[in-house]
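**Q** Got a structure here, written out as structure tokens. Questions coming.
The values are calculated or read from the model by the stated rules, or taken from the named source; none is laboratory data. Here the structure is a predicted model, which is why all the values come from computation and not from measurement. No Cβ is skipped: glycine too gets one built from the backbone with ideal geometry, and neighbour counts run over all protein chains shown.
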Amino acid sequence: MKEQEKTDILENVKCLVIKVGSAVLTDEEGLSVRAISRLVDQIAILHDKGLDIILVSSGAVAAGRKRLLERGITLKANDLPSKQAASAIGQCMLMHEYDNAFSRFGKTAAQVLLTRDDMQNRERFLNTRNTLQRLLEMRVIPIINENDTVAVQELKFGDNDTLSAMAVDITGADLSINLTSAQGVFDKNPDKNPEAKILSCLENIANLDLEKMCDGKTCVGTGGMYSKLRAARRVAQLGVTTIIASGQIPFVLDKIFAGEAIGTWVLAEKKKVSHRKFWLAYHTDPEGDIFVDKGAEKVLISKGSSLLSIGVTAIEGTFSAGALVRIMSAKNELIGVGLSNYDSEELALIKGKNSKEIEDILGAAPYEEVIHRDNLFLDAAL
């Protein structure tokens with residue numbers, strides 16, 4: 001990547017999502033007030049330059065856990081209610097420190113707690129987007145976190161790296177910075193390979209095998225480098241670049257915007273997906289599977305065509321018309337996702353049939369396509 005390209009990206013940023021991990025905000029004493037103060041100091045400078053800032057902050061569970069330890073309460077590894085209680089305690093502590101820190105710079109922060117269900121429901125998703133946009137219009141800095149206290153699935157499977165990618169989509173941000181305890185993305189696991197080197201730039205993350213690249217994670221958070229790269233890959237699909245860097249470097253944000261060679265740049269894809277298709281792929285859960293033959297797979301991938309009934313070989317799951325479904329290859333590999341025009345019972349009757357036969361079989365043929373190409377998101381990396 002040429003230095004001029006970096007300069008162009010940084011100089012044209014208008015809206016920035018910053019994700020900061022637990023390992024950056026906590027120390028042996030628990031939540032680090034100094035770390036929060038230093039982070040806010042840098043964010044305030046960028047905000048004064050006119051940038052819209054969205055902060056996705058971890059640290060609540062770690063902070064709450066430490067407070068409970070001070071009271072002699074040790075959390076069991078699989079005690080979910082206690083972890084949720086720790087999140088509730090820590091979230092209060094976290095926002096208190098952020099509010100104090102931003103107030104010193106005359107800034108107003110807002111707490112936004114989200115669950116996956118908020119993202120799956122289209123009406124609530126749009127309401128969330130409108131609220132965040134209004135906060136930005138008022139020059140308020142939204143601080144987003146998962147609502148771990150009530151969202152069981154989020155606490156067990158979610159991570160704020162994924163949430164930061166969703167925040168980029170919701171707000172239309174044009175740069176994402178992921179601050180972690182690592183110096184960047186290494187070519188090998190540095191814990192096992194002392195000779196590992198930091199990769200300064202990943203130009204085509206869509207073609208990388210992330211699971212092979214990442215086999216370790218930090219002990220404090222719920223993510224790890226795999227979740228950071230997965231989030232960066234999703235952000236790249238939106239045409240947005242991600243910078244993964246150490247939040248423990250003094251004045252790291254200042255140095256990044258000064259053009260210093262810090263961390264790893266994950267470049268945006270040249271061909272970006274629409275926000276609607278991104279929502280289809282990542283904000284909702286598929287309700288079933290549609291298997292297609294080799295011919296349909298080839299046409300879908302090479303030509304971006306709609307899926308027709310003649311290419312469908314099997315259906316798994318029970319779903320209604322309009323449901324999001326996975327599209328699976330003959331080798332049981334995920335091709336993409338899409339909105340089905342027919343329910344599972346109807347598809348079972350018309351699979352393998354020509355589109356002209358649908359009316360004879362069902363009595364009506366409201367759609368020629370099983371899934372229209374406008375409602376398809378094809379990506380083997382889902």
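**Q** Is it fair to say ALA85 is in a helix (DSSP H, G or I) and surrounded by fewer than 20 Cβ atoms within 10 Å (Cβ to Cβ)? If you could, list the steps in order and put the result at the bottom.
**A** Details: in a helix (DSSP H, G or I): yes; surrounded by fewer than 20 Cβ atoms within 10 Å (Cβ to Cβ): yes.
Considered against the rule, which asks whether it is in a helix (DSSP H, G or I) and surrounded by fewer than 20 Cβ atoms within 10 Å (Cβ to Cβ), ALA85 comes out as yes.
**Q** Between a residue in region 163-182 that is without any contact (Cβ under 8 Å) to a residue 24 or more places away in the chain and any residue that is crowded, with 24+ Cβ neighbours inside 10 Å and in a loop (DSSP other than H, G, I, E, B), which pairs come within a Cβ distance under 9 Å, given they are 6 or more apart or on different chains?
**A** Close Cβ pairs (under 9 Å, with a partner that is crowded, with 24+ Cβ neighbours inside 10 Å and in a loop (DSSP other than H, G, I, E, B)) do not exist here.
**Q** Any residue that is at pLDDT below 95, in a strand (DSSP E or B) and within 20 Å of the chain's Cα centre (by Cα) - is there at least one of those in region 271-278?
**A** Residues of region 271-278 at pLDDT below 95: 271-278.
Going one step further and asking which of them are in a strand (DSSP E or B), we end up with none.
Looking through region 271-278, none of the residues is at pLDDT below 95, in a strand (DSSP E or B) and within 20 Å of the chain's Cα centre (by Cα).
**Q** In region 10-46, which residues are closer than 19 Å to ARG104 by Cα and of a type in the set (Lys, Arg)?
**A** ARG34, ARG38
**Q** Taking the residues in region 325-382 that are among the hydroxyl-bearing types (Ser, Thr, Tyr) and within 28 Å of GLN120 (Cβ to Cβ) as candidates, determine which candidate is surrounded by the fewest Cβ atoms within 10 Å (Cβ to Cβ). Lay out the reasoning, then the answer.
**A** Filtering region 325-382 for residues among the hydroxyl-bearing types (Ser, Thr, Tyr) gives 329, 340, 342, 344, 355, 367.
Narrowing further to those that are within 28 Å of GLN120 (Cβ to Cβ): 329, 340, 342, 344, 367.
On the way: SER329: 18, SER340: 28, TYR342: 28, SER344: 20, TYR367: 16.
Top of the filtered list is TYR367.
**Q** Still on this model: Suppose the filter is in the same structural domain as ALA35 (by TED's automatic domain parsing) and touching an Asp or Glu at 6+ places or on another chain (Cβ under 6 Å); does THR115 pass it? Full working, then the answer.
**A** Working: in the same structural domain as ALA35 (by TED's automatic domain parsing): yes; touching an Asp or Glu at 6+ places or on another chain (Cβ under 6 Å): yes.
Spelling it out, THR115 is indeed in the same structural domain as ALA35 (by TED's automatic domain parsing) and touching an Asp or Glu at 6+ places or on another chain (Cβ under 6 Å).
**Q** Mind telling me which of the residues LYS6, LYS76, LYS83 ends up being out of contact with any Phe, Trp or Tyr (no Cβ under 9 Å at 6 or more places or on another chain) and over 19 Å from GLU146 (Cβ atoms)?
**A** Only one candidate qualifies: LYS76.
**Q** Here's another thing I want to ask about it. Among the candidates LEU253, LEU175, which residue alone is of a type outside the set (D, E, K, R), within 23 Å of ALA62 (Cβ to Cβ), in the same structural domain as THR26 (by TED's automatic domain parsing) and surrounded by 22 or more Cβ atoms within 10 Å (Cβ to Cβ)?
**A** Numbers: LEU175 fails: within 23 Å of ALA62 (Cβ to Cβ).
When all the criteria are applied, what remains is LEU253.
**Q** Being of a type in the set (D, E, K, R), farther than 24 Å from PHE278 by Cα and either in contact with a Ser or Thr (Cβ under 9 Å, 6 or more places away or on another chain) or touching a residue at least 60 places away in the same chain (Cβ under 8 Å) (or both) is the filter here; which residues of region 347-378 pass it? If you could, list the steps in order and put the result at the bottom.
**A** Applying the first criterion (of a type in the set (D, E, K, R)) to region 347-378 yields 351, 353, 356-357, 359-360, 368-369, 373-374.
Right, trim to farther than 24 Å from PHE278 by Cα and you get 351, 353, 356-357, 359-360, 368.
If the condition is that a residue be of a type in the set (D, E, K, R), farther than 24 Å from PHE278 by Cα and either in contact with a Ser or Thr (Cβ under 9 Å, 6 or more places away or on another chain) or touching a residue at least 60 places away in the same chain (Cβ under 8 Å) (or both), then LYS351, LYS353, GLU357, GLU368 are the ones that fit.
**Q** To continue, here is another question. Go through (1) farther than 18 Å from LEU179 by Cα; (2) hydroxyl-bearing (Ser, Thr, Tyr); (3) touching a residue at least 40 places away in the same chain (Cβ under 8 Å) one by one and return the number of the condition SER82 breaks.
**A** SER82 satisfies every listed condition except (3).
Matching residues to (1) under 24 Å from the mean Cα position of the chain (by Cα); (2) under 20 Å from ALA258 (Cβ atoms):
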position: GLU3; (1), (2): no, yes
position: LEU10; (1), (2): yes, yes
position: ILE18; (1), (2): yes, yes
position: LEU31; (1), (2): no, no
position: SER37; (1), (2): no, no
position: GLN42; (1), (2): yes, yes
position: HIS47; (1), (2): yes, yes
position: LEU51; (1), (2): yes, yes
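To keep it simple, each residue is scored yes or no on (1) touching a Cys at 6+ places or on another chain (Cβ under 9 Å); (2) under 19 Å from LEU175 (Cα atoms); (3) without any contact (Cβ under 8 Å) to a residue 60 or more places away in the chain.
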site	(1), (2), (3)
MET213	no, no, yes
MET225	yes, yes, yes
ALA245	no, yes, no
LEU253	no, yes, no
TRP265	yes, yes, no
ASP285	no, no, no
ASP289	no, no, yes
